[in-house]
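The values are calculated or read from the model by the stated rules, or taken from the named source; none is laboratory data. Because the structure is a prediction, the values reported are computed rather than measured. As a convention, Cβ positions derive from the backbone with ideal geometry for all residues, glycine included, and neighbour counts pool all protein chains shown. Ligands, DNA and RNA are excluded from the accessible area calculation, which covers all protein heavy atoms including side chains. Shrake-Rupley method; radii C 1.70, N 1.55, O 1.52, S 1.80 Å.
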Amino acid sequence: MTSPIAGSFVVHLIVLSAASFSSVNGSLSPNFYDSSCPNLLSIVRDAMRQAVSWDRRLGASILRLFFHDCFVHGCDGSVLLDDTATFTGEKTARPNQNSLRGFEVIDTIKARVEAAFSGVVSCADILALAAREGVVLLGGPSWSVPLGRRDSRTASLSQANSDLPSPLSNLSTLVSSFSTKGLSATDMTALSGGHAIGFARCLTFRGPSTMTPTSTTASPTSSAPTAPPRGGDSNLAPLDPTPNFFDNAYITRTW
């Protein structure tokens, strides 16, 4: 049975992935590809099952990849884009660089979908479906994914740097950050349940007064010099006691 906390996470993830951004993409529907790509769900599900069986962390990584996509320009696949002559992609933004994982999984799914139905399914929709399947494979609830997103043709490094929530942000900053996306403090709290799965670098668990910058390049908002990461900062630690299972441990142990 789906727990109230897990169910709340799903409801608010749908709010994030659909309602807040539907004006950009037009009308979304879970049945969008029923005629044009009837095998889409099975292709995504099989690929994610293979990926998670190889590395269970990938279930959480794909969910995080989806969130970082949605929080910049909406759920449009912009986080997947590499740099071009006309724009710098979001992969090298401070919250993403050496942090986001799973791009190769989305590439694999896209290749399989293209082999079956060329030029039909957007990468943005593939990422949304893969995030759902990752949660399900780690024991979490399923949900109906609204589909029909269009892929972005550009990306924004600056917006990724400014908009994505930081682990150092205080409560008022986080509430304000989510508010700019049309999301309430309740939405934010529920979406935090996504941390029920996965790991983070030890660097992110230390408070602002002890944290060492992760980059050798100074932040554009600070003139303070940076320093190399401390030993062990790149080691991984679980976000809750059961990082490979989608359960309530993160919420119940955090709030």
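List of remarks:
- Length gained when the stretch Ser118-Ala185 is fully extended (0.36 nm per residue, less Cα-Cα span): 20.0 nm
- For His195, the solvent-accessible surface computed with a 1.4 Å probe is close to 80 Å², ligands and nucleic acids excluded.
- Each peptide in 182-191, 29-38 gets a packing score, the mean of other Cβ atoms within 10 Å over its residues, and the list from highest to lowest is 182-191, 29-38.
- Scaled radius of gyration (Cα, divided by 2.2 N^0.38 Å) that the range 76-149 gives: 1.21
- Other residues within the sphere of radius under 13 Å centred on the Cβ of Ser152, judged by their own Cβ, net out at -3 (K and R +1, D and E -1).
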